[in-house]
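**Student:** My questions will all concern the structure given below.
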Amino acid sequence: MEDRGARDVPGRAPTRRQTAARRHRLGQHFLKDQRVIQAILAAFAPGAGDRVLEVGPGRGALTEPLALRVATFVAVERDASLATVLQQRYQQEADVTILEGDILEIDLEAELTGAAGGPARFRLLGNLPYSIATPLLVQTLARADLFSDMTIMVQREVARRMLAPTGTADYGPLAVLVALRSTDARLVRDVPPGAFVPPPDVHSSVVQLDLPAHAATDDTAMGIALARQAFLQRRKKLVNTLGGTAPRLVAGAMASLGLAPRVRPEQVAPEDYVRLARCLGQEDNP
């Protein structure tokens, strides 16, 4: 049943209840625990010459102690009222830019280049809304030309999938993506629901990724795409998930790389997906 009391009325400022309802729809949970905030900042270790992009600054728990400590600071906030507050707070700061909008839809290259005064690699920091964590990772990890490292808070289950070793239950396309796009991926700490207001229904984790400038190559892109295809049927043998109409071609490529004929997708290491993709590409284009 529709909650008529929560409906926005044109020309009238939204009530506190309407604002809370909208933020619930956006999946917003604001970080409040100072111990967690300081731990994130310590792990991030900002430098005076850094260029930083913050995703989802919310009420500014990380923005406030960081924005004026770095050379260039850009934040993207989807909630218009929160973005307005931050814009007013930093309107006199030439090196601080607060953007209102959806991080998945903004032209990041244009915005970051404009803020930095030219092409530059940024450091990404953010408490990622659970609904966009995976698509944002896919988008940003492909842009090693824009980002040098990330310190992000995600749902704990997402963190486990990001960092899962080969052969484990959590290992899948996300782990392959992270392994192939980063030189180092590590867990900083877990964060309980009580560190936020309102508290979410899940635990969170802070993860750091170092991104080399050469991470987004054609080979790694092909390996990531192949892994994504393989894990659509993760319980089947790899030769069956990838074979399609040419199982002998896939079996031959696997054999040439020393992959067992009965191996399943979760048993194949990230670098082997790259090798297999390269080998299959060469078979298709002799």
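Every number in this text was worked out from the coordinates using simple rules, so none of it is lab data. Fair warning: this is a prediction, and the values are worked out from it, not measured in the lab. In this analysis, Cβ positions are derived from the backbone assuming ideal geometry, glycine residues included, and neighbour counts consider all displayed protein chains.
**Student:** For the chain, what is the mean residue ellipticity at 222 nm derived from helices alone (per DSSP H run of n ≥ 4: -39500 (n - 2.57); sum divided by total residues; nearest 500 deg cm²/dmol)?
**Tutor:** One gets -11500 deg cm²/dmol as the mean residue ellipticity at 222 nm.
**Student:** Further question on the same structure: Please give, to one decimal in nm, the separation of the simple spin-label points placed at SER256 and ALA269, each 7 Å out from Cα toward the Cβ.
**Tutor:** In this crude spin-label approximation the distance works out to 2.0 nm.
**Student:** Here is a further query. Give me, ordered by chain and number, the residues 5 or more places off ASP149 or on other chains with an amide H under 5 Å from its own placed amide H.
**Tutor:** Hits under the 5 Å cutoff: LEU124, LEU211.
**Student:** When the distances between all Cα atoms of region 23-210 are binned every 10 Å from zero, what whole-number percent does each bin get?
**Tutor:** 9, 39, 39, 12, 1, 0
**Student:** While we're looking at this one, here's another question. Normalising by the residue count of region 218-284, find the relative contact order in percent from Cα pairs under 8 Å and 6+ residues apart.
**Tutor:** That works out to 43 percent.
**Student:** Which FRET efficiency, nearest 0.05, do ARG234 and ASP184 yield, Cβ-Cβ r, R0 41 Å?
**Tutor:** 0.95
**Student:** Once amide H atoms are placed 1.01 Å from N in the peptide plane, what residues at a sequence separation of 5 or more from PHE30, or on another chain, have their amide H within under 5 Å of its amide H?
**Tutor:** VAL197
**Student:** Taking just the C-alpha trace of region 119-273, give me its Rg and Dmax in Å.
**Tutor:** Over region 119-273's Cα set, Rg and Dmax evaluate to 17.0, 56 Å.
**Student:** Grab the eigenvalues of the alpha-carbon gyration tensor for region 169-215, scale each by 5, take roots, and send me the semi-axes largest first in whole angstrom.
**Tutor:** 27, 13, 8
**Student:** Can I ask one more? Calculate the FRET efficiency for GLU157 and ALA80 from the Cβ-Cβ distance with a Förster distance of 30 Å, rounded to the nearest 0.05. Working shown, then result.
**Tutor:** Details: r = 30 Å, r/R0 = 0.99.
With R0 = 30 Å, the Cβ-Cβ based efficiency is 0.50.
**Student:** Moving to a separate point now. So for the pair LYS32, ASP219, with labels modelled 7 Å out along Cα→Cβ, what separation do we get in nm?
**Tutor:** 5.0 nm
**Student:** Let me ask something else about it. Need one number: the % of Cα-Cα pairs in region 143-206 sitting beyond the 18 Å mark.
**Tutor:** On the way: 841 of 2016 pairs.
Considering region 143-206, 42 percent of its Cα-Cα pairs are separated by more than 18 Å.
**Student:** Same structure again: Based on the Kirkwood radius over alpha-carbon pairs, what is the Stokes-Einstein translational diffusion coefficient of region 202-243 at 37 °C with 0.692 mPa s viscosity, in µm²/s?
**Tutor:** The calculation lands on 254 µm²/s.
**Student:** Moving on to the next point. Using a 10 Å cut-off around each Cβ, can you sort PHE196, PHE30 from fewest to most neighbouring Cβ atoms? All intermediate terms of the calculation are to be shown ahead of the outcome.
**Tutor:** Working: PHE196 21, PHE30 17.
Least crowded to most crowded, the residues run PHE30, PHE196.
**Student:** Note down the Stokes-Einstein diffusion coefficient of region 218-284 in µm²/s, whole number, using a Kirkwood radius over alpha carbon pairs, 10 °C, and 1.306 mPa s.
**Tutor:** Stokes-Einstein gives a translational diffusion coefficient of 139 µm²/s.
**Student:** With label points built 7 Å along Cα→Cβ from the Cα atoms of ASP201 and GLN87, find their separation and express it in nm.
**Tutor:** Once both label points are built, they end up 3.4 nm from each other.
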